[in-house]
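Enquirer: My questions will all concern the structure given below.
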Amino acid sequence: MIRVLIVEDDFRVAEIHRAYVQRLEGFTVVAEAHTALEALRLAEESRPDLVLLDIYLPDRSGLEVLRALHAPGRHHVDVIAITADKDVETLREALQGGVIHYLVKPFQFSAFREKLESYVAMRARLAQVQELDQDEVDGIYRLLRSESSSSLPKGLSPTTLALVVRAVRAATEDVSAVDIARATGISRVTSRRYLDHLARSGAVAISMRYGSSGRPEHRYRWTAQPREAASSS
């Protein structure tokens, strides 16, 4: 479970962000801060994995909070900036400070979901690899690039699809939804949805295996001949 700290001075907006996080599988809100000072204190106390950071805070800039969060000796945390600030210099400073994403208000839940799902995909991939080459580095950066999911069935995202495709292609034998769930960090149910989508597109072939209980298990194998585009990078 990815632990999230919400930093937002507007209580109403903070509640919206909390509701958005709670709609996403694999995330939990561990704390909510409304000032910079409170954010830094709660970051130490709750030790989140991810901070959703507003730039406009009443006591100091969110950019100062960002620099403090990434100061040497502090608990490591990833940061997604969520702000109405459209100034290029603010974006530049946020990137230099190490934000994973920069999400401009106002936005819809779909945009929020894409950013957090791409973050999940990046975390899962980093947990899998032991040594990087340039192709692997490029692939990890591609996972963070949100793309429109309008061509996918409702509820599926390009970033998670790319993660599942990579796991299936890397397998040396046919795999189950449980195998892919373990390899990617997503749930078995979510894994099955993406695998079934790939099967419908012709990217994977399905076979049945019967265990000792007599119940069939779906097995999936990459065919390398998809009938329609399914991101494989």
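Enquirer: When the residues of the stretch 186-218 are filtered to those that are touching a Phe, Trp or Tyr at 6+ places or on another chain (Cβ under 9 Å) and surrounded by 18 or more Cβ atoms within 10 Å (Cβ to Cβ), which remaining residue is modelled with the lowest pLDDT?
Expert: The extreme case among them is 203.
Enquirer: Go through the residues of the stretch 104-118 one by one and say whether even a single one is hydrophobic (A, V, I, L, M, F, W, C), under 22 Å from residue 221 (Cα atoms), in contact (Cβ under 8 Å) with a residue 24 or more places away in the chain and out of contact with any His (no Cβ under 8 Å at 6 or more places or on another chain).
Expert: No.
Enquirer: Among the candidates 50, 40, single out the residue that is at pLDDT 95 or above, crowded, with 16+ Cβ neighbours inside 10 Å and over 26 Å from residue 114 (Cβ atoms).
Expert: None of the other options fit; the residue is 40.
Enquirer: Among the residues of the stretch 127-137, how many are without any contact (Cβ under 8 Å) to a residue 40 or more places away in the chain and either at positive phi or surrounded by 10 or more Cβ atoms within 10 Å (Cβ to Cβ) (or both)?
Expert: Qualifying residue count, the stretch 127-137: 4.
Enquirer: Taking the criterion of being assigned to a helix (DSSP H, G or I) and touching a helix residue (DSSP H, G or I) at 6+ places or on another chain (Cβ under 6 Å), would at least one residue in the stretch 73-93 satisfy it?
Expert: Yes, the stretch 73-93 has at least one match.
Enquirer: Has the stretch 143-154 got at least one residue that is surrounded by 13 or more Cβ atoms within 10 Å (Cβ to Cβ) and hydroxyl-bearing (Ser, Thr, Tyr)?
Expert: yes
Enquirer: What is the number of the single condition among (1) among the hydrophobic types (A, V, I, L, M, F, W, C); (2) assigned to a loop (DSSP other than H, G, I, E, B); (3) in the same structural domain as residue 161 (by TED's automatic domain parsing) that residue 127 does not meet?
Expert: The one condition residue 127 does not meet is (2).
Enquirer: Determine, yes or no, whether residue 66 is assigned by TED's automatic domain parsing to the domain that holds residue 101 and more than 30 Å from residue 156 (Cα to Cα).
Expert: Spelling it out, residue 66 is indeed assigned by TED's automatic domain parsing to the domain that holds residue 101 and more than 30 Å from residue 156 (Cα to Cα).
Enquirer: Only one of these is exposed (fewer than 11 other Cβ atoms within 10 Å of the Cβ), of a type outside the set (D, E, K, R), modelled with pLDDT of 95 or more and over 17 Å from residue 18 (Cα atoms): 72, 58. Name it.
Expert: Answer to the check: 58.
Enquirer: Report, by residue number, each residue of the stretch 38-58 that is touching a helix residue (DSSP H, G or I) at 6+ places or on another chain (Cβ under 9 Å) and part of a helix (DSSP H, G or I).
Expert: Scanning the stretch 38-58 gives 39, 40, 43.
Enquirer: Would you pick out the residues in the stretch 90-105 that are farther than 16 Å from residue 70 by Cβ, buried (at least 17 other Cβ atoms within 10 Å of the Cβ) and either in contact with a strand residue (DSSP E or B) (Cβ under 7 Å, 6 or more places away or on another chain) or not assigned by TED's automatic domain parsing to the domain that holds residue 50 (or both)?
Expert: Those that are farther than 16 Å from residue 70 by Cβ, buried (at least 17 other Cβ atoms within 10 Å of the Cβ) and either in contact with a strand residue (DSSP E or B) (Cβ under 7 Å, 6 or more places away or on another chain) or not assigned by TED's automatic domain parsing to the domain that holds residue 50 (or both): 91, 103.
The values are calculated or read from the model by the stated rules, or taken from the named source; none is laboratory data. Just so it is clear, the structure is predicted and the values come from calculations on it, not from any experiment. Please note: Cβ atoms are built from the backbone with ideal geometry, for glycine as well, and neighbour counts cover all protein chains shown.
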